[in-house]
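The values are calculated or read from the model by the stated rules, or taken from the named source; none is laboratory data. Model, not experiment: these values are computed from the prediction. In this analysis, Cβ positions are derived from the backbone assuming ideal geometry, glycine residues included, and neighbour counts consider all displayed protein chains.
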Amino acid sequence: MVQILDVMQKALEGKPMSETDYQLRSFAAKVNEKVKEYDIHFDRNTPIPDDPTLADDAFQAAFDLVVEVGAYCTNTNRVISYTESEVKEALRFAPSEIEFGEGKDRRKLRPRSVGDKNPPWCLLGAGGGACSSEQSFLALVEGYAEIPEANAITTPALTRVGGMRIRPASPLEVLGAQRNAVLFREACNRVGRQGMPVMNALSTAESDIALAGAMHPKYGLRQSDGYMICCMDPMKVDFARLNKATVALGLGGPIGMCFGPMMGGYAGGPEGTAISNIAHHMMGILTYQASWFLPFPLHLRYVSSSCRELLWLISLSGQAISRNTHLLSVNLNYTSAGPSTLMCLLETSASVTAAVTSGLHIESLGVASNKEEDRTTPVEPRISAEVGHAVAGMSLADANELVTRLVKGYEDKLQAPPLGKMLFEAWDADRRRPSKDYIAVLKEYRKKMKSLGIGVRGGPWA
Amino acid sequence: MSAEKILEQLRGAVLKYDSDAAVSAAKAVIHAKMDPLQAIEKGLVPAIHDVGEKFEKMEIYLPELMLAGDAMKSALALLLPLVPKGEKTSKATVVIGTVQGDVHEIGKNIVSSMLMAGGFEVIDLGVNVKTSTFVDEAKARGAKIIGASALMSSTIGSQKDIIDYLSASGDRRRFTVLVGGGPTTQEWSDEIGADGWGKNAVHAVKLASKAVKGR
Ligand code: B12
């Protein structure tokens, strides 16, 4: 079994290569080759493919990719390569269940299968989106912790400390990360969910030092939280990220590797990006010692995951992973539209359906491309979780029909989506409810979903 | 080989993303004693322009865009030194990078390739670039434009640092500073006193072209 010392040895002794050669001439070229070799084709009319051979071929293509290309270390400019038997062994020994949380909020994350009737693990929140103040951080996390379906929370990232904008790897970031941990527990305590785990520990800690600096138990992080560490697209790592992995391993916290391959980026179109997305899972077990996975494939132009190409690639990846492994994979989705718009809710419904019916769990979500501070509310993840529970057990064919009808409702607006409202315009934190306007949107949404045969509540307010 | 045929080879090399072919074609230009400036403007530039347009339409993807840029660079490395001083080859030189502490590179890579396609000489400093490196490189390479990409609210502050650094040394007016990246906005650009904010790569090229005309 490849361990962290082996990874370092490979990073120090692997084949030297420039970063450009790795990503353009090795990785990108090999992905293209695999798409052709395994004859993988995207079909616009079938956003949820129902073809087990396609899923298994995509898995095999991804396996080949990991073995033939390997990962890359940007500090040593060397390839971290893995043999076929190392990859197989990693797949065999990867954990098939992990417990997160404490007390009554302690739950087991288990693998799902295609069409699984068991509801997905709902990791709910901001997906690391930036928030402007501690006040908005608390308002959001309290709102997330109150969602009945929530198994775990993904917090926003703080951007200011003491009136100053946080700078990476500076004392401001260390202080921000400590505050992120403390405020998370405070928000959960306030609404009576003391045992709730955070699974993106710690979004405010972009650097290794900030994560390490917030690990002391007095800030409240637990071994039963999830430690999320990003990999740089495509399959690139550096010492800072490996440091984070080493620190989390030291604490015994389960590492989730997140990776956001962009469709249109290094892996090319939807087919290649699906292969890359699947491959990152294997690369993550080996390189980060990851025990759970957080894919968030996105469209390069829209920076969201609700267009046909992305729905297809989420579904194909999910089917490939759940049919061929017992890995714990949690798909994070992004919308283009913002809070208090029907489009945003339809987008997240489509992406969640693609993931859940294909055997994945969900992290929901990045709103309005997840790039603006405070353009998100506790409503969107709540709706996503309701949809996740409602569609569990649905067949791929039915999911295809549902998703096709959903996507028709917004695809022509992806170029210039409505950005909706800001947090405190759309969410009344004192009364723990959305604005009147948003409630009207929720009613419309519920009606629309009903007409598509899906019963969702639309929150307790609609 | 006829001049037309050599130009065709230059174009073909870029359109096929082939650096080796670009080098051989550039050598053929030299061997045939063709005007290097003509070779650049009639061979390389239209080809990379086509590539840029195809990328915009998503007919090709990032690797092809970047490889075409690489092919163009390899040919330019041979041809540019032969262009007599004083003759204009590119619109201007742009030094571009992702700021300190930030490793997001995709947007920056697109902007950098599209600037090249738009006729600029581009010096890409990569990611996690120190403030002083932007400025030192811009001075050393005779660049007129500095482009700084930042994707995180924690790193956009470095865009301000670049401008403050230039102002403090009295060099602010020598450079056009363009900023961009997910969380940046026109307001942010105004607040820090940048010369332009690029919403996307096409917009970035427009801003850079405007800056050259304005000078
Ligand atoms: C893909 C992605 C990644 C990939 C990057 C892959 C790569 N090789 O570049 C990976 C997975 C590695 C990654 C890592 C991280 N990421 Co990230 N990432 C993104 C994401 C989803 C998209 C960025 C992107 O490529 N967009 C597509 C390109 C085409 O758009 P663009 O970059 O904006 O560029 C366009 C324009 O802005 C403009 N432009 C860009 N640059 C310039 C420059 C000039 C001069 C001009 C004129 C124009 C211009 O033109 C471009 C082309 O149209 C964003 C979300 C978002 N919406 O931006 C988060 C995001 C930027 N990431 C974020 C975070 C937190 C991280 C991590 C810290 C995660 C972690 N905890 O480890 C690490 C960063 C580590 C570090 N120190 O840098 C946050 C930042 C939050 C904040 N604090 O503000 C974001 C906003 C997501 C989120 N909300 O959580 N990320």
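Condition check: basic (Lys, Arg) and within 14 Å of another protein chain (Cβ to nearest Cβ). Does residue B:144 satisfy that?
no
Would you point out which residue out of A:345, A:332 is of a type in the set (A, V, I, L, M), within 16 Å of the ligand (Cβ to nearest atom) and in contact (Cβ under 8 Å) with a residue 12 or more places away in the chain?
A:332
Which strands (runs of 3 or more DSSP E) sit wholly inside the range B:55-166 and have at least 2 residues that are in contact with a Leu (Cβ under 7 Å, 6 or more places away or on another chain)?
It comes to B:93-98, B:145-149.
From the set of residues in the range A:333-377 that are over 21 Å from residue A:446 (Cβ atoms) and charged (D, E, K, R), which is nearest to the other protein chains (Cβ to nearest Cβ)?
That would be A:371.
Answer yes if at least one residue in the range A:310-320 is within 15 Å of the ligand (Cβ to nearest atom), more than 24 Å from residue A:270 (Cβ to Cβ) and outside the structural domain of residue A:47 (by TED's automatic domain parsing), and no otherwise.
Looking for residues that are within 15 Å of the ligand (Cβ to nearest atom), more than 24 Å from residue A:270 (Cβ to Cβ) and outside the structural domain of residue A:47 (by TED's automatic domain parsing), one finds none in the range A:310-320, hence no.
Going through A:238, A:233 one at a time, which residue ends up being within 12 Å of the ligand (Cβ to nearest atom), within 11 Å of chain B (Cβ to nearest Cβ), surrounded by fewer than 20 Cβ atoms within 10 Å (Cβ to Cβ) and of a type in the set (Asp, Glu)?
When all the criteria are applied, what remains is A:238.
From the list B:136, B:102, pick out the single residue that is over 16 Å from the mean Cα position of the chain (by Cα), within 14 Å of chain A (Cβ to nearest Cβ), charged (D, E, K, R) and under 30 Å from residue A:208 (Cα atoms).
B:102
Does the range A:109-136 hold any residues that are in contact with a helix residue (DSSP H, G or I) (Cβ under 8 Å, 6 or more places away or on another chain), assigned to a loop (DSSP other than H, G, I, E, B) and among the small types (Gly, Ala, Ser), and which are they?
A:113, A:115, A:126, A:127, A:128, A:129
Residues to consider are B:108, B:130; find the one that is more than 12 Å from the ligand (Cβ to nearest atom), of a type in the set (Lys, Arg) and more than 12 Å from chain A (Cβ to nearest Cβ).
Answer to the check: B:130.
Name the one entry in A:385, A:392 that is in contact with a strand residue (DSSP E or B) (Cβ under 6 Å, 6 or more places away or on another chain), within 28 Å of residue A:284 (Cα to Cα) and either aliphatic (A, V, I, L, M) or surrounded by fewer than 24 Cβ atoms within 10 Å (Cβ to Cβ) (or both). Steps first, answer last, please.
Values: A:392 fails: in contact with a strand residue (DSSP E or B) (Cβ under 6 Å, 6 or more places away or on another chain).
After ruling out the rest, the residue left standing is A:385.
Residues in the range A:81-89: is at least one closer than 21 Å to residue A:188 by Cβ, β-branched (Val, Ile, Thr) and either touching a Gly at 6+ places or on another chain (Cβ under 7 Å) or surrounded by fewer than 19 Cβ atoms within 10 Å (Cβ to Cβ) (or both)?
No.
Out of the residues in the range A:308-318 that are in contact with a Phe, Trp or Tyr (Cβ under 9 Å, 6 or more places away or on another chain) and more than 17 Å from residue A:280 (Cβ to Cβ), which is surrounded by the most Cβ atoms within 10 Å (Cβ to Cβ)?
Only one residue tops the list, namely A:312.
Take the residues in the range B:178-187 that are outside any loop (DSSP other than H, G, I, E, B) and crowded, with 18+ Cβ neighbours inside 10 Å; name whichever of them is nearest to the chain's Cα centre (by Cα). Walk me through how you get there before you give the answer.
If we filter the range B:178-187 for residues that are outside any loop (DSSP other than H, G, I, E, B), which is where we start, we get B:178-180, B:186-187.
Adding the requirement that they be crowded, with 18+ Cβ neighbours inside 10 Å leaves B:178-180.
Details: B:178: 12, B:179: 14, B:180: 14 Å.
Filtering first and then ranking leaves B:178.
Go through the range A:100-135 residue by residue and tally those that are within 29 Å of residue A:399 (Cβ to Cβ), surrounded by fewer than 24 Cβ atoms within 10 Å (Cβ to Cβ) and either among the acidic types (Asp, Glu) or at pLDDT below 95 (or both).
Looking only at that region, the number is 2.
Kindly list, by first and then second residue, each pair from a residue in the range B:155-174 that is within 14 Å of chain A (Cβ to nearest Cβ) to a residue that is basic (Lys, Arg) and surrounded by fewer than 19 Cβ atoms within 10 Å (Cβ to Cβ), limited to pairs with Cβ atoms under 7 Å and residues at least 6 apart or on different chains.
B:157/A:165
Kindly list the number of the only condition in (1) crowded, with 18+ Cβ neighbours inside 10 Å; (2) of a type in the set (Ser, Thr, Tyr); (3) more than 30 Å from residue B:57 (Cβ to Cβ) that fails for residue A:410.
For residue A:410, the failing item is (3).
Can you find even one residue in the range A:48-60 that is within 14 Å of chain B (Cβ to nearest Cβ), in contact (Cβ under 8 Å) with a residue 40 or more places away in the chain and crowded, with 16+ Cβ neighbours inside 10 Å?
Keep residues of the range A:48-60 that are within 14 Å of chain B (Cβ to nearest Cβ), which gives none.
Scanning the range A:48-60, I find no residue that is within 14 Å of chain B (Cβ to nearest Cβ), in contact (Cβ under 8 Å) with a residue 40 or more places away in the chain and crowded, with 16+ Cβ neighbours inside 10 Å, so the answer is no.
Which count do you get for residues in the range B:150-177 that are surrounded by fewer than 21 Cβ atoms within 10 Å (Cβ to Cβ) and near the ligand (Cβ under 7 Å from one of its atoms)?
Count: 0.
Output the residue which, of all residues in the range A:1-47 that are assigned to a loop (DSSP other than H, G, I, E, B) and basic (Lys, Arg), is nearest to the other protein chains (Cβ to nearest Cβ). Outline the logic, then answer.
Quick first cut of the range A:1-47, residues assigned to a loop (DSSP other than H, G, I, E, B) only: A:1-3, A:14-15, A:17-18, A:38-47.
Right, trim to basic (Lys, Arg) and you get A:15, A:44.
Values: A:15: 20, A:44: 13 Å.
Among those that are assigned to a loop (DSSP other than H, G, I, E, B) and basic (Lys, Arg), it is A:44.
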